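Scroll down for the structure; my scribbles are underneath it.
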Amino acid sequence: TAEELSHARELVAGADRIVAMTGAGISTDSGIPDFRGPNGVWTKDPAAEKMSNLQAYVGSEEVRRASWQSRVRHPGWEAKPNAAHQVFVDLERAGRLSAVITQNIDGLHQKAGSDPARVIELHGTMFESECLGCADRRDMREALARVRAGEVDPPCERCGGILKSATISFGQALDAEVLERARAEAVSSELLLVAGSSLTVHPAAGLVGSALSAGATVIVCNASRTPYDSPAAAVLRGPLGEVLPALV
Ligand code: NAD
């Protein structure tokens with residue numbers, strides 16, 4: 001409602017140390033489907049969830065083949081940032097945004113112009129590959145070129161181990177340093193602005209609880225319900241491309 005929006009606007013206007021927490025919903029307008037929204041990848045094809053599971057990936061060449069095929073075709077390679085990403089660039093330039101904690105792997109905050117040093121990628125990045133054996137990290141373009149050239153499951157060129165996108169799968173631990181940085185930002189924020197996340201994936205979602213316990217104000221901007229709607233100071237349901245520019 002208009003009242004909710006104006007209340008949320010006041011909260012944003014009064015905060016100097018804002019931290020954004022974003023999820024797949026901020027990139028749907030850029031053509032990258034989310035997982036659990038109405039057009040989500042898993043909503044449409046529950047079997048696709050397997051590809052995001054570390055055990056399944058390690059245990060099955062078939063899963064890896066399918067995963068590389070979908071990686072090659074990922075809309076993120078061509079995607080461009082949208083109006084919602086731009087809002088966080090503007091807030092940062094105004095000196096009011098200390099960090100963007102994102103669950104996304106698509107690099108769109110950086111493409112929009114957010115300072116890469118302030119973007120905390122909790123779930124890694126699709127632009128690099130990582131060996132599960134020796135942790136060798138490389139530009140993802142190398143592996144993709146090998147897949148396009150016919151290698152269905154390209155092994156690590158250094159140790160022969162299993163190669164994977166440098167993104168966090170279910171069953172895989174987050175980088176402890178990255179998570180710690182995100183937690184430090186969340187608990188020291190005055191206002192945590194959640195945008196486009198169902199807040200159901202942990203430990204990412206738990207950062208909202210940490211921020212609340214530390215006394216931060218939380219605003220949730222998401223089309224569907226989240227477990228943090230009730231403790232939030234404001235909840236805005238409209239499309240992010242409209243809600244965020246109106247809010248900031
Ligand atoms: P999610 O799919 O669980 O939730 C996305 C939420 O965004 C949904 O609740 C949906 O209702 C909402 N939403 C979608 N489009 C919206 C719009 N235009 N306006 C307002 N709300 C909108 O995604 P999540 O919470 O980020 O967690 C899922 C996991 O999937 C994360 O680990 C994330 O890394 C990963 N993921 C990333 C990408 C990406 O990098 N773009 C895409 C899909 C999934």
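The values are calculated or read from the model by the stated rules, or taken from the named source; none is laboratory data. Quick caveat, the model's predicted, so the values are computed rather than measured. So basically every Cβ, Gly included, is an ideal-geometry build from the backbone, and we count neighbours across all protein chains shown.
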| field | Hits in region 225-248 - residues which are within 9 Å of the ligand (Cβ to nearest atom), touching a helix residue (DSSP H, G or I) at 6+ places or on another chain (Cβ under 6 Å) and not aliphatic (A, V, I, L, M) | value | Gly241
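Could you identify the single residue in Glu142, Glu130, Glu92 that is of a type outside the set (Ser, Thr, Tyr), in the same structural domain as Leu236 (by TED's automatic domain parsing), in contact with an Asp or Glu (Cβ under 9 Å, 6 or more places away or on another chain) and not in a loop (DSSP other than H, G, I, E, B)? Talk me through it step by step, then tell me what you get.
On the way: Glu142 fails: in the same structural domain as Leu236 (by TED's automatic domain parsing); Glu130 fails: in the same structural domain as Leu236 (by TED's automatic domain parsing).
Of Glu142, Glu130, Glu92, the one residue that is of a type outside the set (Ser, Thr, Tyr), in the same structural domain as Leu236 (by TED's automatic domain parsing), in contact with an Asp or Glu (Cβ under 9 Å, 6 or more places away or on another chain) and not in a loop (DSSP other than H, G, I, E, B) is Glu92.
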| request: Could you tell me whether any residue of region 197-206 is closer than 19 Å to Ile105 by Cα, surrounded by fewer than 16 Cβ atoms within 10 Å (Cβ to Cβ), touching a residue at least 12 places away in the same chain (Cβ under 8 Å) and more than 13 Å from the ligand (Cβ to nearest atom)? | output: no
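Yes or no, residue by residue, for (1) surrounded by 16 or more Cβ atoms within 10 Å (Cβ to Cβ); (2) away from the ligand (no atom under 11 Å from the Cβ):
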| site | (1), (2) |
| --- | --- |
| Ala176 | no, yes |
| Ala182 | yes, yes |
| Leu193 | yes, yes |
| Ala223 | yes, no |
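Please determine, by comparing only the residues of region 209-248 that are part of a helix (DSSP H, G or I) and under 12 Å from Ala20 (Cβ atoms), which one is nearest to the chain's Cα centre (by Cα).
Let us first name the residues in region 209-248 that are part of a helix (DSSP H, G or I), namely 209-213, 240-247.
Among the residues that remain, those that are also under 12 Å from Ala20 (Cβ atoms) are: 211, 240, 244, 247.
Details: Ala211: 18, Leu240: 15, Leu244: 17, Leu247: 21 Å.
Among those that are part of a helix (DSSP H, G or I) and under 12 Å from Ala20 (Cβ atoms), it is Leu240.
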| request: Look at region 31-65 and say how many of its residues are part of a helix (DSSP H, G or I) and closer than 15 Å to Pro155 by Cα. | output: 8
| remark: Of (1) within 27 Å of Val208 (Cα to Cα); (2) more than 15 Å from the ligand (Cβ to nearest atom), Gly31 fails just (2)
| query | Among the residues of region 233-248, which ones are touching a Ser or Thr at 6+ places or on another chain (Cβ under 6 Å) and either surrounded by 18 or more Cβ atoms within 10 Å (Cβ to Cβ) or not assigned by TED's automatic domain parsing to the domain that holds Thr1 (or both)? | reply | none
| remark: With criteria (1) within 16 Å of the ligand (Cβ to nearest atom); (2) hydroxyl-bearing (Ser, Thr, Tyr); (3) surrounded by 14 or more Cβ atoms within 10 Å (Cβ to Cβ), Ser70 comes up short on (3)
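On the given criteria, is Val41 near the ligand (Cβ under 8 Å from one of its atoms), among the hydrophobic types (A, V, I, L, M, F, W, C) and without any contact (Cβ under 8 Å) to a residue 40 or more places away in the chain?
Spelling it out, Val41 is indeed near the ligand (Cβ under 8 Å from one of its atoms), among the hydrophobic types (A, V, I, L, M, F, W, C) and without any contact (Cβ under 8 Å) to a residue 40 or more places away in the chain.
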